[in-house]
C-alpha cells in the first residue's frame, strides 16, 4: 500500500513505450498518482537473455517499491510480461498486471478476417503469440511484422526525431498487400507511432492495443483492495500525474516535454538509478 491519500500505480517498461499505457491509466484514473520506471540502461529487452530481463525487472521494481510504495504494478512491456511476471509476483506483495498482445479483441473486431500483428522481433518469435493466434484468431488470415526499427523510432520521438515515413511504409508493405482491416499494436511503444502508422496503412479500420484493458484491470484491482478513487480525489494543480519518472540509464533528452504532451507531466525525473547498482 502506498500509504498516501490517493492510490499510486507503478508503470514499468524497458523504455518510453509504457507511457502509452500510463496515459490510458491516467485517463481512466485521473486522480491516481503514478511512478514511471524505465530500465533504459538495458533497452531493448528483446535482445537481452531471459535471465537478465528477470533479474533486472524484479530488482528494479522491488527497489522502486521500497522507495515509492505503490498499490499496483503494471509491467507495460511484452517481453518482461512474458517471462518475468511469475518471478515478480513471488517477491512483491502488491498486485501485478502484465500486457498481452490484443489478438482476442482484434479477432472480434475485424470485418474481413484479415489481421496484422505489429510486434518486436522477439515477440513475433515467441510461442505464446502462436498460442494467442490459434486460440482467438484461427478463423483469420494473420500477418505478422516484427521490425526492429519501430521501437527505436518511437524512442526517438521524445528527442524530437521524426519517424522515417518511407522506411515505415516499406516495413508495413506486407500488411498493405494483405489488405488487413485490423492491426494489433503488440508493443507498448507502437501507440506512440499511431499517426505515422495510419499514414502507412490508411485502409485499416481498427487499431487495437492493450492500454484500455490494462487501465480497466488496474481500476478493478484498486477497487478490490479498497483503494478506488474518484476524479475529485486529487488536486491536479498541486499533484502532477506522475510523481516521479525513474530511468536506470541517462535521462532521455526531451522526456519531460514529451511526457507533458501525453498529459503525464512528471513532478520529478531522475536518471542513472539506482546509482550504486
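The values are calculated or read from the model by the stated rules, or taken from the named source; none is laboratory data. On a predicted model such as this, the values are computed, not experimentally measured, just so you know. Every residue, glycine as well, gets a Cβ built from its backbone with ideal geometry; the counts of neighbours run over all protein chains shown.
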Review point. Looking at region 175-200, which of its residues are free of Cβ contacts under 8 Å to residues at least 60 places away in the same chain and out of contact with any strand residue (DSSP E or B) (no Cβ under 6 Å at 6 or more places or on another chain)?
Key: 176, 177, 193, 194, 195, 196, 198, 199, 200
Point to revise | Members of region 253-264 that are over 17 Å from the mean Cα position of the chain (by Cα) and either under 19 Å from residue 7 (Cβ atoms) or in a loop (DSSP other than H, G, I, E, B) (or both) | key: 253, 254
Review point. Which fully enclosed helices (runs of 4 or more DSSP H) of region 87-165 have 2 or more residues being at pLDDT 95 or above and more than 22 Å from the chain's Cα centre (by Cα)?
Key: 127-136
Review point. Could we say that residue 62 is closer than 28 Å to residue 221 by Cα and part of a helix (DSSP H, G or I) here?
Key: yes
Review point. In this structure, does residue 144 turn out to be free of Cβ contacts under 8 Å to residues at least 24 places away in the same chain and touching a strand residue (DSSP E or B) at 6+ places or on another chain (Cβ under 8 Å)?
Key: no
Check your understanding: So residue 83 clears everything in (1) assigned to a helix (DSSP H, G or I); (2) closer than 16 Å to residue 15 by Cβ except one condition, right? Which one?
Key -> (2)
